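Presented below is the structure to which this report refers.
The values are calculated or read from the model by the stated rules, or taken from the named source; none is laboratory data. Keep in mind the model is a prediction, meaning the values are calculated, not measured. Cβ coordinates were reconstructed from backbone atoms using ideal geometry, including for glycine residues, and neighbour counts include every protein chain displayed. SASA here: full protein model, heavy atoms, side chains in, ligands and nucleic acids out. Shrake-Rupley method; radii C 1.70, N 1.55, O 1.52, S 1.80 Å.
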Amino acid sequence: MLSGCVARGGESAGTPEATATSEPPVPTPRFRYDDPSVDAAGDPLAVAFNSRERFRDVGWLVDDFEDERLWGTIAGRYAVEEDVVYSGSQSLRLEATPDDERVWIYRTFEDGIDLSDADLSLAVNLETPDTEGITVRLAAPDYDNTLLLGRHIWKAGWQRLDLGPQRVTGSPDLTNVTEISIQMYTGGGTAARFYVDSLRAKPRAGAGSVMITFDDNTRSQYDTAYPILESHGFPGVVGVIPWTVGSSHRIPRSGMDEMVESGWDMVSHPQQSDSFRVLSPADQRASIRESKAWLVENGFERGADFIIWPYGRYNESALDIASDYHYLGFVTVGGPTGAVSDPQIVGRTDGDDVQKAKKALDFAAQYNQLAVLMYHDVTGRGRSVSPGAFAETMDYVDELGLDVVTASSYWESVRDTV
C-alpha cells in the first residue's frame, strides 16, 4: 500500500488560477462555432454511428408492457399510456401523489425465470420530478431472498437504464426469479410521474471490471494518483476541461502526454459555469464540439470519443448532441452497471467514500459488473479522498482481481457485441 506516497512536483492542488505557471494557456480550438443550424452531417469530429440507437434494443425481451394485466400495484397507481411510447403500442404511466411515499408495481412469474447470467435494463421516461432513483427488485425465489437493482435518472426523455446491484437480502437464487417489481420512492410531499417500457435482459459479462475516472484534470491526479496507479499497473481516465489546461493547479501538458503513454485516456469534460441542463442546444453543441476538437488537435484522439458529463447532468437535447460526437458518456451517480444498453449515461460511484467504493467493487466481482469510480482531487482536503485512502481502494481492486479498463479499452470490448 502506498498510503505514504509523496506528491509529484511539490505543488498542491488548489493553487489559485492566478498563480504563475511555466506553461502558457492553451489557445481556443480552431473548430469553434456556435451556429445552431450546424449538425453532425459531414463533420470530421462526428463519430461513425449513434451508439444509443445501436444499443437500444440489445438482448431479449422480458416484458413489453403490452398486457398491463400482468402487473399489479403495491403503492401509487399505473395506467396504460399510448402517446408516450418507447416501442410497441403502449407503455405504463406510473404515478404517485404528494400523499404517497412511493409508486410500486410488480409482476409474478409462476414457474420462475432464470436471470443468473443476465443483466436487466428498463426504458424509462421521467416526467416529474426532475431527478430521482428507480429501483427494480428481484424476488429469487421470495421476499427473504432478493436482489435490489437501481439507477438514478434525470428528466431527459426516454432513456434505457442499465440496472446494477444495490442491495442483497438473504441468498437470492437468480435461476428462480418469481417476481419483478419496479418502484420510485419519493418519501411523500411531492408528486411523481414516469413511464416504463421494454424491460430487457442481456448476457452478463464474463468477469467484473473497474474504470478509474478523474474529473477536472486537477494537479493531484498527476502528482499523487498517477504514481499510485502506476505501482499497480493500472491505467486511468481523466476528464479534461480544455480551457483550464496550462493553469498551475491542473495536470501539466507534458504530464498528460506521459499519462497517455502509460495507457491512460484523456476524455472530454466540457464544463462551463452552468450544467448542460441550463445551456441552450446551440451552446451544448458548441461546448461539446470545442472540447473534442481540443483533444483531437492535441493528440488525444484515443479518448476524444468519450465524455464525462459536467456536474453529472444532462437533458434530452444534450444526449442527442453528445451521440453525434461520443460513443460513451459518464454521469455522476449510478453505481455498478451490467452490460451497457444506453452508452451515454454510464453510472459512476463516488470514490471519495471508500466504503461505498469497496461495496461497488464487491458487486462488480460478484455479479460481473462494471464499476466506474469517480474522483476529483486526491489530497484529503475538504471532501476529497486522501492519498492513503485512495491507495487502500486500489489495493482492494488488486485483491479482488478485477480487470482495470479505460473508456477506450472498454468500448473496444463492447462496441461489436450488438
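Side notes on the structure shown:
- Surface share of carbon and sulfur [accessible, 1.4 angstrom probe, percent] for region 253-359: 43 percent
- Looking at the chain, the accessible area is 39 square angstrom per residue; that uses a 1.4 Å probe and ignores ligands, DNA and RNA.
- Relative contact order %, the chain, counting alpha carbon pairs below 8 Å whose residues are six or more apart: 22 percent
- Each peptide in 338-349, 44-55, 315-326 gets a packing score, the mean of other Cβ atoms within 10 Å over its residues, and the list from highest to lowest is 338-349, 315-326, 44-55.
- Calculated [θ] (222 nm, deg cm²/dmol) that DSSP helices of n ≥ 4 give over the chain, each run adding -39,500 (n - 2.57): -6000 deg cm²/dmol
- Region 261-317 and region 141-215 have their alpha-carbon centroids 28 Å apart.
- Total charge dipole magnitude, region 286-358, about the Cα centre, Cβ charges on Lys, Arg, Asp, Glu only, Debye to nearest 20: 220 debye
- Only lysines eight or more places from LYS356 in sequence, or on another chain, were considered; those with a Cα closer than 28 Å are LYS155, LYS202.
- Under-5 Å amide H pairs with SER386, H placed in peptide plane, nonlocal only: GLY380
- Residues with amide H under 5 Å from that of VAL372, placed H, sequence gap 5 or more: MET211, THR337, THR349
- Residue-wise HN-Hα couplings along region 67-79, as the Karplus relation 6.51 cos²θ - 1.76 cosθ + 1.60 with θ = phi - 60° gives them from phi, are 10, 5, 5, 6, 10, x, 10, 9, 8, x, 7, 9, 8 Hz; Gly and Pro carry x.
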